[in-house]
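Peer 1: Sharing a structure below in C-alpha cells format, with a few things to ask.
The values are calculated or read from the model by the stated rules, or taken from the named source; none is laboratory data. Here the structure is a predicted model, which is why all the values come from computation and not from measurement. Don't worry about glycine lacking a Cβ; one is built from the backbone with ideal geometry, like all the others, and counts go over all protein chains shown.
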Amino acid sequence: MNAPSLSAQLRCELVRRRLPRFYVHRVMREFDDHSQDIVAERQTAPELDRLGDPRQLAQHFATEFRAQHFAGRHPWLVFTMGPVPCTILLSALLFTLGFWALELLGSFQPAGATSWSRQYLAIVVCQIGMIVPLMAVTFGFGRWAFRSGCGARWFWVVAVLECALGALMHSQLKLPTMPGNGTLSIGLSYPPAMNWELVALPALVAVGLAWHVSRRGESAPLAAE
Amino acid sequence: MSKLRTNPDFLNGVPELVVLRLLARQPMYGYQLVQSIRLVSNGELTFGEGSIYPVLHKLEAAGWLSSKSELAGGRSRVVYRVTASGTKRLAGSSAEWQRIVAAVERILQGGSDECSITFGAVAM
C-alpha cells in the first residue's frame with residue numbers, strides 16, 4: 001500500500017473521529033514529512049506495517065487529543081451542566097453592570113431631562129442582559145465542542161439547552177417612581193411567557209453562527225495548506 | 001491511601017522516558033527520533049513509527065516538550081526539544097525506573113528462595 005493512500009486513509013479517519021481541523025492539519029503535516037523521509041531512505045513507498053495501521057493511529061491520536069482537554073475528558077459535565085449556570089451568571093453580571101451604569105448616567109443628567117430616556121435605556125439593558133449571555137454562551141460552548149474534539153453531537157446538546165433556556169426565560173422590570181422602589185425579576189416560566197421568541201431567536205442565531213464558523217473551518221480542504 | 005491502578009506507572013511511562021531521554025541529548029524531529037530509538041536500542045524497541053507522534057503531542061501538552069518549525073535536512077520540519085520542566089520530569093522518571101528495575105531484579109534473583117522458606121514455615 002503506497003504513501004498517498006496511507007495519508008488519505010489517516011486523514012479520513014482523523015476527520016471521522018471529529019478532531020478539529022487545526023489538529024488534523026498538524027498530524028498530517030508530520031505524518032507526510034515522516035513518509036517522505038522513509039521514501040528517501042528506502043527509495044520506495046512506506047509499508048503499512050512500518051507506519052502503523054491508519055485506523056489504530058487515528059484512534060490513538062483522538063484518545064490523546066481528548067485526554068489533553070478537560071472538555072474532552074468530561075464532556076457530560078462541561079456541555080450539559082456548564083451552559084445554563086454560565087448563562088445565569090453572565091446575565092447577573094450584565095444586569096448589575098448595566099443598571100449601575102444607568103445610575104451613573106442618571107447622576108449626570110440635567111435637572112430638566114425627561115425620564116423616558118432612562119426608561120428606554122432600562123428596557124434596553126434588560127433585553128441585553130437576557131439576550132447577550134444566551135448568544136455568547138451558545139457560541140462559546142458550541143465552538144468549544146468542536147475545538148476540544150467532542151464534535152457536533154455536544155454542539156447540538158448545548159444548542160438545545162440554550163434555546164430551551166431562552167424560550168423559558170422571562171424578565172419583569174418595574175421602573176422606580178421613587179428612589180429605591182424599582183424591581184427587576186428574572187426567572188423561568190412554563191408555558192413560555194409572551195414574546196419568548198424575542199429571547200429564543202437570538203440563541204438560534206448564535207447556534208447558526210457557531211455552526212457556520214466551526215464547520216467552515218472543518219470543511220475547508222486541508223491539502224491547500 | 002495509594003490509588004490502585006490497572007496499569008502500573010512503569011509500564012505506561014516507558015515511551016515517555018525513552019523520548020524524553022533521547023530529546024534531552026539533542027532536539028530531533030519525529031523520523032529522526034524513531035531512528036535514534038531503533039539505533040540506540042540495537043533494534044530491540046520496534047513499533048509502528050506513526051505512533052511516536054501521539055506520544056510527542058502528549059508530552060508537549062504536558063509542558064515537558066516544546067516544538068518549533070525549523071529547517072532540517074533541507075526541509076521545514078517540526079523539531080521537538082525538552083523544556084526545563086521536562087528535564088525535571090526526566091530525572092524523576094529515570095529514578096523511578098531504576099527503582100522498579102532494581103525491585104524486579106531482586107524478585108528474579110532471590111524471590112523463589114524466599115517464597116519456599118515462607119511456605120515451608122506455613123506447612124509446618
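Peer 1: For segment B:73-97: of the residues being closer than 16 Å to B:V14 by Cβ and either touching a Cys at 6+ places or on another chain (Cβ under 9 Å) or of a type outside the set (G, A, S) (or both), which is nearest to the other protein chains (Cβ to nearest Cβ)?
Peer 2: The qualifying residue nearest to the other protein chains (Cβ to nearest Cβ) is B:R89.
Peer 1: Read through the list (1) modelled with pLDDT under 90; (2) part of a helix (DSSP H, G or I); (3) polar (S, T, N, Q), then give the number of the only condition that A:T87 fails.
Peer 2: (1)
Peer 1: Output the number of the condition that B:T46 fails; it satisfies all remaining conditions of (1) part of a loop (DSSP other than H, G, I, E, B); (2) crowded, with 21+ Cβ neighbours inside 10 Å.
Peer 2: Failing condition for B:T46: (2).
Peer 1: Go through the residues of segment A:190-202 one by one and say whether even a single one is modelled with pLDDT of 70 or more, touching a Pro at 6+ places or on another chain (Cβ under 6 Å) and in a loop (DSSP other than H, G, I, E, B).
Peer 2: So far as segment A:190-202 goes, no, none of its residues is modelled with pLDDT of 70 or more, touching a Pro at 6+ places or on another chain (Cβ under 6 Å) and in a loop (DSSP other than H, G, I, E, B).
Peer 1: Also: I'm told A:E162 meets every condition in (1) out of contact with any Pro (no Cβ under 8 Å at 6 or more places or on another chain); (2) under 30 Å from A:V15 (Cβ atoms) except one. Can you identify the failing condition by its number?
Peer 2: Result: A:E162 passes all but (1).
Peer 1: Then there is this: Here are some residues: A:D37, A:D32, A:D53. Which one is buried (at least 20 other Cβ atoms within 10 Å of the Cβ), of a type in the set (D, E), within 18 Å of B:G30 (Cα to Cα) and at pLDDT below 90?
Peer 2: A:D37
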